[in-house]
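The values are calculated or read from the model by the stated rules, or taken from the named source; none is laboratory data. Nothing here was measured: the structure is a model prediction, and the numbers come from that model. As a convention, Cβ positions derive from the backbone with ideal geometry for all residues, glycine included, and neighbour counts pool all protein chains shown. In case anyone asks, the SASA skips ligands and DNA or RNA and just uses the protein heavy atoms, side chains included. Shrake-Rupley method; radii C 1.70, N 1.55, O 1.52, S 1.80 Å.
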Amino acid sequence: MVTGFCHRAAVSACSLCVAGLLALTPAAAAAGPRAGEPAPPRPRATTPGPSLLYRSGVQVRPHRGTLAPPEVSALSWLVADAGSGEVLAAHDAHRELPPASTLKTLFAVTVLPGLPGTQQHTVRYEELADVGEGSSLVGVEEGHTYQVADLWRGVFLSSGNDAVHVLARLSGGWEATARRMQDEARSLGALDTHVVSPDGYDAPGQVSSAYDLAVFGRTGLRNPDFARYCSTAQALFPGDGSPYAIENTNRLLTGEDGVAPYPGLIGIKNGYTSNAGNTLVAAARQGGRTLVVTVLNPQDGGGLTVYEEARALLDWGFAAAGQVDPVGSLDGLRPPSPTPASAKPVAAAVAPEDEGSDWSGTAVVAGLTGLGAGAVALALRIKGGRSTRG
């Protein structure tokens, strides 16, 4: 069915091209190049290159002599340039897996902008009643008044599900927040994510991917509050009588448990559940370049392996600067924004391609249709002698 559609669409597009060229022929002949002048270059359709991110296994496009990415045991991983969004390398980038607390990145991207950090809130019993058994907690207490900024530090440093529950209530409720997170994921082009529990607690059907989590982390870093919270190593959290110290559970940031701190690490979010294993979204900046890396569920070693595999991937990413061609983009699945008539059109995203194809049928049809329509418009302007300037 798809093949037939592409064939019919391509024929229609080619018809437009022919019609445009026929309309243009008389005027073009009259205004053709003078004797001895070279003919103008033929127009070429520009279409985006194919993404490799839906293919299984390691995907990388190294230049000659460039080292391959390190061998890691994670079920899925991705390394991308946070500035350009270019994905430098990945392994099963769109594999749907339980995200654990890395899903809190999407929670923060969705909820944080609407809650001023200075807002005060006194916690009620019902706001903590549904916190999952065995959840990580920062120590939010019923009847205590907190600033929203305190609760966010509880989310990012201690991965406190109790803080997430309170913030979700402040943002419209648990179910409403899950729906907003789902909508936010779709608006960012993160199509692998299904939100059931906004705190990342294991729930049937709740999944994300290395690709989506990198999108959430990269988006979050554009918010100064998100960037500040996720890069905070230690803080004080309000308690009865006096505040107590809390520390970020991201060992690459703090250097705890024998894990050496990573140079230039910005942070973001780590997680763990028995179903998801160890998960991590991290970003680091070196030499004016920021990379984001996602590592999901390493199969070798213990609970600290996720940090060492992230370290190896970051090291490779910084060393490979300018030495690899991108295998995809973190913007590649984002729905195109409405474009004003006066603005130049933006190339549409490339849909997942067939394994045996290098270019999507949609991109080819779009290029051919554009050529035909452009030829017709140009012919009319030449025939009518009208100016198109506003």
Please label the shape of the range 120-183 as rounded, prolate or oblate, based on the square roots a ≥ b ≥ c of the eigenvalues of the alpha-carbon gyration tensor (a/c under 1.5 means rounded; beyond that, a/b larger than b/c means prolate, else oblate). rounded
Using Cα centres only, tell me the gap between the range 170-213 and the range 58-73 in whole Å. 31
Gained length - Glu256 relative to Gln323, 0.36 nm times residue gap less alpha-carbon distance: 20.8 nm
Provide the gained length on full extension for the span Ala129 to Glu142, in nm with one decimal, where the gain is 0.36 nm per separating residue minus the Cα-Cα distance. 3.7 nm
Determine the per residue accessible area of the range 196-338 with all protein chains present and a 1.4 angstrom probe, expressed in square angstrom. 39
Per residue convex hull volume, Cα only, the range 222-330, in Å³ is 147
For Val324, residues with placed amide H under 5 Å, excluding near neighbours: His63
Once the piece of chain linking Ala245 and Glu175 is laid out straight, how much longer is it, given 0.36 nm per residue of separation minus the C-alpha distance between them? 22.0 nm
Once you keep just the Cα pairs under 8 angstrom separated by 6 or more residues, what percentage relative contact order results for the range 140-299? 18
The range 105-221: D in µm²/s via Stokes-Einstein (Kirkwood Rh, Cα pairs, 10 °C, 1.306 mPa s)? 111
Would you mind telling me the share, in percent, of accessible area of the range 223-316 contributed by carbon and sulfur at probe 1.4 angstrom? 49
Show me 101-108, 218-225, 83-90 ranked by packing, highest mean number of other Cβ atoms within 10 Å first. 101-108, 83-90, 218-225
Length-normalised contact order of the range 57-124 in % [C-alpha pairs under 8 Å, at least 6 apart]: 26
Would you grab the residues whose amide H sits under 5 Å from the one on Gly267? Only those 5+ places off in sequence or on another chain, please, with H modelled 1.01 Å from N. Ala283
Label the range 69-133 by shape, choosing from rounded, prolate and oblate, from the square roots a ≥ b ≥ c of the eigenvalues of the Cα gyration tensor; if a/c is under 1.5 it is rounded, and otherwise prolate applies when a/b is larger than b/c, oblate when it is not. oblate
Return the sequence-ordered ³J(HN,Hα) values of the range 115-124 in whole Hz as given by the Karplus equation 6.51 cos²θ - 1.76 cosθ + 1.60 applied to θ = phi - 60°, using x for Gly and Pro. 10, x, x, 7, 4, 9, 8, 9, 6, 9
Inter-probe distance in nm under a simple model that places probes 7 Å from Cα toward Cβ, at Ser56 and Ser274: 2.9
About its Cα centre, what dipole magnitude does the range 107-173 give when the only charges are +1 on Lys and Arg Cβ and -1 on Asp and Glu Cβ, stated in debye to the nearest 20? 280
I'd like the distance between the alpha-carbon centres of the range 98-130 and the range 143-168, rounded to an integer number of Å. 6
Accessible area per residue, 1.4 Å probe, Å², for the range 49-183: what's the number? 40
From phi via Karplus (6.51, -1.76, 1.60), per-residue ³J(HN,Hα) for the range 87-96 in Hz, x at Gly/Pro: 8, 7, 6, 6, 9, 6, 4, 9, 5, 7
Note to self: Kirkwood Rh of the range 163-294, Cα pairs, one decimal, Å, is 16.3
Between Gln234 and Glu96, what is the label-to-label distance in nm when each label sits 7 Å out along the Cα-to-Cβ direction? 4.3
Please turn the phi angles of the range 238-245 into ³J(HN,Hα) values with the Karplus equation 6.51 cos²θ - 1.76 cosθ + 1.60 (θ = phi - 60°), one per residue in order, whole Hz, x for glycine and proline. x, x, 5, x, 8, x, 10, 7
